[in-house]
1. From the backbone phi of the range 76-85, what are the Karplus-calculated ³J(HN,Hα) couplings (6.51 cos²θ - 1.76 cosθ + 1.60, θ = phi - 60°) in whole Hz, Gly and Pro given as x?
2. Suppose R0 equals 41 Å. What FRET efficiency, 1/(1 + (r/R0)^6) with r the Cβ-Cβ distance, do ARG108 and SER52 give to the nearest 0.05?
3. Output wanted: per-residue J couplings in Hz (rounded whole) for the range 93-103, from phi through Karplus 6.51 cos²θ - 1.76 cosθ + 1.60, θ = phi - 60°, x for Gly and Pro.
4. Which ³J(HN,Hα) values, rounded to whole Hz and listed in residue order, are derived for the range 114-119 from phi using the Karplus coefficients 6.51, -1.76 and 1.60 in 6.51 cos²θ - 1.76 cosθ + 1.60 with θ = phi - 60°, glycine and proline given as x?
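None of the figures in this text is laboratory data; all of them are computed from the coordinates on show. Everything numeric in this text was worked out from a predicted model, so none of it was measured. Using ideal geometry, Cβ is built from the backbone for each residue, glycine included, and neighbour counts are taken over all protein chains shown.
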Amino acid sequence: RSGGGGGSGAGTPKEGRRGSADNSGSTDPSSSTDKEISSATQSAIKRGSSVSAMTERLQSGCAALHDDIETFVRLQEEAAELKRPAYERVLAKLRAEVCKLWPDGSVRAYGSYETKLLGFGSDLDVVVFFERRGDEDESGGKKGDGGTGGV
């Protein structure tokens, strides 16, 4: 630019200051550029260290999450080992009772027991299948007894 720093050709304020300094000769333009580069470099260094710190925190957090997941899986497996035998006994007793009431009946488990995903909060989900005999109402009880004979 050949004009002064104050006119419409001054551009951005930063360029205007540089232009003024060039015209006045009182300030070395390279020193302000060096300061800007130095400031930008310092900012990048600061960002780099914060990225490094964030990376360390992220890696630490991921490692902690990994450990938590492994602990959760181990505890779930232990819960399944403890619950499975008890659930098998309950199913055997339930099957025996269902067969007394309905000789062609069956009991089937579903849910977390069947998928082997038992955990501490798991329950035992079952469904009972049977064919209704002619002397039973819809609830499984004898007709005329108010349906109290069903399971």
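1. 5, 5, 5, 4, 4, 4, 6, 7, 3, x
2. The pair ARG108/SER52 has a calculated efficiency of 0.15.
3. Karplus values, whole Hz, x for Gly and Pro: 5, 5, 4, 4, 5, 4, 5, 5, 6, 9, x.
4. Values per residue, Gly and Pro as x: 5, 7, 6, 10, 4, x Hz.
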